[in-house]
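The values are calculated or read from the model by the stated rules, or taken from the named source; none is laboratory data. Just so you know, these numbers come straight off a predicted model, no measurement behind them. Here the Cβ positions follow ideal geometry from the backbone for every residue, glycine too, while neighbour counts run over all protein chains shown.
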Amino acid sequence: MPGREGDPDNQARIAAFRQGFADLGWKDGQNVHIEYRWADGKIELIRQYAEELVALAPNVILANSSPVIEALKKITSSIPIVFALVNDPVGQGFAKSLSHPGGNVTGFTFTNPEMIGKWVGLLKDMAPGITRAALLFNPSTARFYPNFLHEIGTTRRLAVTELVLTPVDTLTEMETAIDALAQKPGSSLIIGPDVFNIGHIKQIAQLAGKNRLPAVSGYRQFAVEGGLMVYGPDTVDVFRRSADYVDRIIKGANPADLPVQEPTKFELVINLKTAKALGLTVPQTLLATADEVIE
């Protein structure tokens with residue numbers, strides 16, 4: 001796992017996997033042994049822990065995020081790897097295709113270009129006056145966003161006149177970029193899935209609030225920390241479903257033949273207090289469909 005062990009969302013994800021795994025007959029400490037590694041958002045620890053786990057020669061590795069899969073793929077082509085929440089696995093070279101991965105890696109995706117369109121649409125519904133959406137990401141940990149925007153540009157128009165990539169490498173660069181964005185009328189912010197973003201989700205929520213920017217993320221924690229809105233896959237459900245692939249691989253299935261699966265459940269979370277602070281009136285249609293409203 002690339003994040004923090006104490007993060008409530010991470011604990012919920014691991015608990016869901018363990019429950020799904022137990023339902024299939026696997027009990028840690030009895031008929032299976034599970035090793036955990038938490039990288040706390042540090043790329044150097046991701047590389048170190050990838051090497052440690054490969055050296056243990058496990059039956060299968062369950063891994064979260066693109067940087068983790070990339071690190072693992074560099075050092076093993078034989079140990080089966082199941083990813084939970086990875087973006088654009090084909091474009092990043094993790095799988096030959098979604099239907100037939102063809103190597104030692106398969107699993108469950110997180111977002112796709114259509115999700116960016118959904119985020120933009122939600123922002124426009126919440127703040128009709130916006131004309132620009134900035135997509136915040138770290139190019140070192142989330143290299144797939146340019147591919148996503150290229151695909152969007154060749155297939156459809158979005159609800160805003162401008163969607164701009166906003167790459168940042170450090171917390172200082174992030175603060176500068178968000179402050180600069182706020183100086184342009186009609187701006188909004190998208191915080192997409194990214195190891196860097198989740199590691200700084202509280203600071204991003206605070207910066208968006210300070211700069212009075214309507215913002216949306218795929219991480220529930222963003223709304224908990226004061227961000228305006230969250231829409232994305234039910235990540236707990238994805239981890240629960242991943243137990244099935246781990247079970248099948250231990251029993252002899254070849255990951256090359258297990259199709260990459262996409263999320264099937266999605267959640268909308270709205271922070272009503274933040275909406276009021278931004279002077280926004282939340283449409284009743286959004287309130288009615290929200291899975292959670294934070295007041």
| request: Run residue 10 past the list (1) buried (at least 17 other Cβ atoms within 10 Å of the Cβ); (2) touching a residue at least 40 places away in the same chain (Cβ under 8 Å); (3) polar (S, T, N, Q) and report the number of the one that doesn't hold. | output: (2)
| request: Check whether at least one residue in the stretch 82-94 is closer than 16 Å to residue 140 by Cα, free of Cβ contacts under 8 Å to residues at least 40 places away in the same chain and of a type in the set (A, V, I, L, M), and report yes or no. | output: yes
| query | Within the stretch 218-255, which residues are within 23 Å of residue 273 (Cβ to Cβ) and in contact with a Gly (Cβ under 6 Å, 6 or more places away or on another chain)? | reply | 218, 226, 232
| task | Assess whether residue 149 counts as being among the hydrophobic types (A, V, I, L, M, F, W, C), assigned to a helix (DSSP H, G or I), in the same structural domain as residue 181 (by TED's automatic domain parsing) and modelled with pLDDT under 95. | result | yes
| remark: The lone condition residue 129 fails out of (1) small (Gly, Ala, Ser); (2) outside any strand (DSSP E or B); (3) under 25 Å from residue 234 (Cβ atoms) is (3)
| Subset of the stretch 61-78 (residues that are in contact with a strand residue (DSSP E or B) (Cβ under 6 Å, 6 or more places away or on another chain) and at pLDDT 95 or above) | 61, 62, 63, 64, 69, 72
| remark: Of (1) surrounded by 14 or more Cβ atoms within 10 Å (Cβ to Cβ); (2) of a type outside the set (Ser, Thr, Tyr); (3) without any contact (Cβ under 8 Å) to a residue 12 or more places away in the chain, residue 55 fails just (1)
| task | Of the numbered conditions (1) more than 20 Å from residue 89 (Cα to Cα); (2) at pLDDT below 95, residue 192 fails exactly one; give the number of that condition. | result | (1)
| request: For residue 120, indicate whether it is within 22 Å of residue 165 (Cβ to Cβ), part of a loop (DSSP other than H, G, I, E, B), touching a Leu at 6+ places or on another chain (Cβ under 7 Å) and of a type outside the set (Asp, Glu). | output: no
